[in-house]
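J.: Structure provided below as structure tokens; questions to follow.
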Amino acid sequence: MTDTIEPELPLQYPFPLGDTGALPPLTAWAQRAKPVCPVRLPSGVTAWMLTRKDDVAQMLADNRFSRNLAEPGSPRMVGEDLTSVHDAIFNLDPPAHGRVRQVLSGWFTRRAVQRHRPLFARHAHRLLDQLSAGPNPADLVEAYSAPLPLDAMGELMGVPPELAAECRQVYPMSLDLSSTPEAVEKETDAAKQFIARLIAARRADPAPDTPVHTLLEARREGVISESEMFGTLFLIFVTSFDPLVAPLTTGPMILMLHRRQLVECVADPSLWPKAVEEVLRYFHNGGLGFPRIAREDVELNGTMIRQGDAVVVPMQAVTWDPRHYRNPERFNIHRATDGSATFGAGPHYCLGSQLARVVLQEAFSALFQRFPTLDLAVSERELPWDPNRMFTRPMQLPVTW
Amino acid sequence: MFTLDWLAETARHRDHVLVGLSPQNGRYKPEYIRNLIFWLQPRFRSIDVVIPGFEAAYTLVAAGHPPAQAVHRARRAYRQLRNPAVRALADLGVPDPSRHVTSWTRLHADAAYRASLIRSRKAYLTDPRIRRACREMTAEVVGNAADGQPVTQCDIDIAVRYVIAEIPLLTDGPDVFGADRSVFVYHRATPLVAAIADSGSILTAAPGQTWAIVSQEEENRDGHDRTGTPAAIPVSAR
């Protein structure tokens, strides 16, 4: 898209995707020409979209913008999605947010997550044994990228065996932007029912040394309320699956398309963390994310955002901002910058960012150490990206080895 | 010149035609593809063309080809079918012609195709008639690719994925392609369509889904089922 062709405003979301997961052309246009840009969400709500890293960092750290979307009538992407769950850590503003986050933060520090490497490696190798024994070519999403988080995070979270099948039905949630509000509400309700059963099961039969147990104990000790415990458990289950399936799919894809860099990683495994950072930087982290609401009138980059207005942020625009990332369209594992910005900024900076890194490092290294010749079985132009999926990714990744 | 033989005459319509191209039949040469599309397109309000995705490689793998070679040949076969189809639609003035020529792999982007594929896999596992039809068709395809070598149940287990991936196109064309009514057009009758059309199957076709066999009049006259030149993937009968 050239600067001479002005798209009609508000932009309609979801946008047409960029090639092979690159920044959508409309997002790139907004970043150049309309850094505070009106966007109509599928729900019909119009939100302000920020696309420059400095603006986003300022807004995310500014407590004049609220994350609390639990009230009926709050701006939604489509319908009553995960943001409608009361008192989820996602929906809390300071100081309640800090109190709830503190309960879980010990689980997710850079040091704490290291002990889970063997768990992820074990599940990765088991799935790769099955891949190796099955047909070649194969769909890597079905064989590896989708089941790995389900199996490994399921174990880490302490999902009891009797709920494992239901967990697989409920997650990953589709978070489908083309869905109806009724379908979104139904999906949210199914996840709520699963979480309610999980809580009942783990109250009756505690699974110490799991985040679920930590939340239940904090509730028992009165540190957090029942609804804070429920909402936060609800949220960490959502974020345990689809946000991982996406990079577990796009990561192998982009590495296979950059064979020289992949060969470097296989030859020198100390490069895997660099590869993971670049995968995190290169791809989106859930489209526009979910809205924030201005508590009062705020001027941002020359635009007045009125009290009650919704603001959304595509984090991929942040990690493709040419003011901060040189030649952002180039996939380059040797960049000096890392992928941190994809996880947000301010008090809601992604709690699971260090765990996500561990999962991806273990998954990529296990996959390519085992299958160094792994390659796409179709042209990259044939890969089926679903633009309506909040965590958009190829829904199938045919590979051969 | 072609003729269209509708499976159910009462289901005739002019809404949407879905053309299945096969890499495993010698008739699908560029000239035939062009003529077929030129004949069909004016007879329907909209047209889409579908080509097997990576699953086409399974027939060659089951027939004993090394996977890398099978994938390479399947990718080449895809291009050989796609390019003349896109050119024909472009020459007919169809806007954005490449969007109307789709691999099964690309169809995974569509939630309706994915949901239908889940139902199809379940039907294969639970409906004896669907299972039998899928395995019969797979055995035939692999048998032709295997050049007379016996086909084992294990070979069929591998390659049946190819046949199953096509089922959504036979049952859910209206949903997947956004049409009220859609006719799937192929060059011959298959036991799978017969099993789906039969109300006894658990796999039911969506409302508005119909099927038709397209024949070239010359081949009706001389009775030949194939052109003399080899297929994109050299499997004879499908």
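The values are calculated or read from the model by the stated rules, or taken from the named source; none is laboratory data. Small disclaimer: the values here were computed from a predicted structure and weren't measured. All Cβ positions, glycine included, derive from the backbone under ideal geometry; neighbour counts span all protein chains shown. These area figures cover heavy atoms from the full protein model, side chains too; ligands, DNA and RNA do not enter into them. Shrake-Rupley method; radii C 1.70, N 1.55, O 1.52, S 1.80 Å.
J.: What are the residues in the stretch A:89-100 that are surrounded by fewer than 16 Cβ atoms within 10 Å (Cβ to Cβ) and either in contact with an Asp or Glu (Cβ under 7 Å, 6 or more places away or on another chain) or without any contact (Cβ under 8 Å) to a residue 24 or more places away in the chain (or both), if any?
T.: The answer is A:PRO95, and nothing else.
J.: Residue check: is A:THR319 among the hydroxyl-bearing types (Ser, Thr, Tyr), touching a strand residue (DSSP E or B) at 6+ places or on another chain (Cβ under 9 Å) and modelled with pLDDT of 95 or more?
T.: Answer is no for this residue.
J.: Just to be sure I understand the filter: pairs with C-beta atoms under 6 Å, separated by 6 or more residues or on different chains, first member in the stretch B:27-56 and within 14 Å of chain A (Cβ to nearest Cβ) and more than 15 Å from B:PRO97 (Cα to Cα), second member modelled with pLDDT of 95 or more and not in a helix (DSSP H, G or I). Which pairs pass?
T.: Final answer for the pair search is B:GLY53/B:SER103; B:PHE54/A:PRO137; B:PHE54/A:ALA377; B:PHE54/A:VAL378; B:PHE54/A:PRO398.
J.: Looking only at the stretch A:263-283, count every residue that is open to solvent by less than 10 Å² (accessible area, probe 1.4 Å) and part of a helix (DSSP H, G or I) and tell me the total.
T.: Number satisfying all stated conditions: 7.
J.: Now, a different point. Out of A:MET390, A:MET395, I need the residue that is out of contact with any Lys or Arg (no Cβ under 9 Å at 6 or more places or on another chain) and open to solvent by 10 Å² or more (accessible area, probe 1.4 Å). Which one?
T.: A:MET390
J.: Among the residues of the stretch A:36-66 satisfying the criterion of being of a type in the set (A, V, I, L, M, F, W, C) and open to solvent by 40 Å² or more (accessible area, probe 1.4 Å), which is farthest from A:VAL318 (Cα to Cα)?
T.: Going through the qualifying residues, I end up with A:VAL45.
J.: Filter the stretch A:245-262 for residues that are open to solvent by 10 Å² or more (accessible area, probe 1.4 Å) and within 11 Å of the chain's Cα centre (by Cα) and give the result.
T.: Matches in the stretch A:245-262: A:PRO247 only.
J.: Counting only residues that are under 26 Å from the mean Cα position of the chain (by Cα), of a type in the set (A, V, I, L, M, F, W, C) and assigned to a loop (DSSP other than H, G, I, E, B), how many does the stretch A:176-210 have?
T.: So the answer is 1.
J.: Which condition number in (1) charged (D, E, K, R); (2) part of a helix (DSSP H, G or I); (3) over 20 Å from A:PRO347 (Cα atoms) is the one that A:ARG99 fails?
T.: (3)
J.: Restricting the stretch B:39-70 to residues that are part of a helix (DSSP H, G or I) and out of contact with any helix residue (DSSP H, G or I) (no Cβ under 6 Å at 6 or more places or on another chain), which is surrounded by the fewest Cβ atoms within 10 Å (Cβ to Cβ)?
T.: B:PRO42
J.: If the requirement is being more than 22 Å from B:ALA194 (Cα to Cα), of a type in the set (S, T, N, Q) and without any contact (Cβ under 8 Å) to a residue 24 or more places away in the chain, which of these qualifies: B:THR105, B:THR152?
T.: B:THR152
J.: Also, quick follow-up: Of all residues being under 17 Å from B:ALA205 (Cβ atoms) and of a type in the set (S, T, N, Q) in the stretch B:105-145, which is surrounded by the most Cβ atoms within 10 Å (Cβ to Cβ)? Just the residue, please.
T.: B:SER120
J.: What residue, of A:VAL141, A:VAL113, A:VAL103, is hydrophobic (A, V, I, L, M, F, W, C) and open to solvent by 20 Å² or more (accessible area, probe 1.4 Å)?
T.: Criteria check complete, one pass: A:VAL103.
J.: Look at the stretch B:164-190 and say how many of its residues are assigned to a strand (DSSP E or B) and out of contact with any strand residue (DSSP E or B) (no Cβ under 7 Å at 6 or more places or on another chain).
T.: Final tally of qualifying residues: 0.
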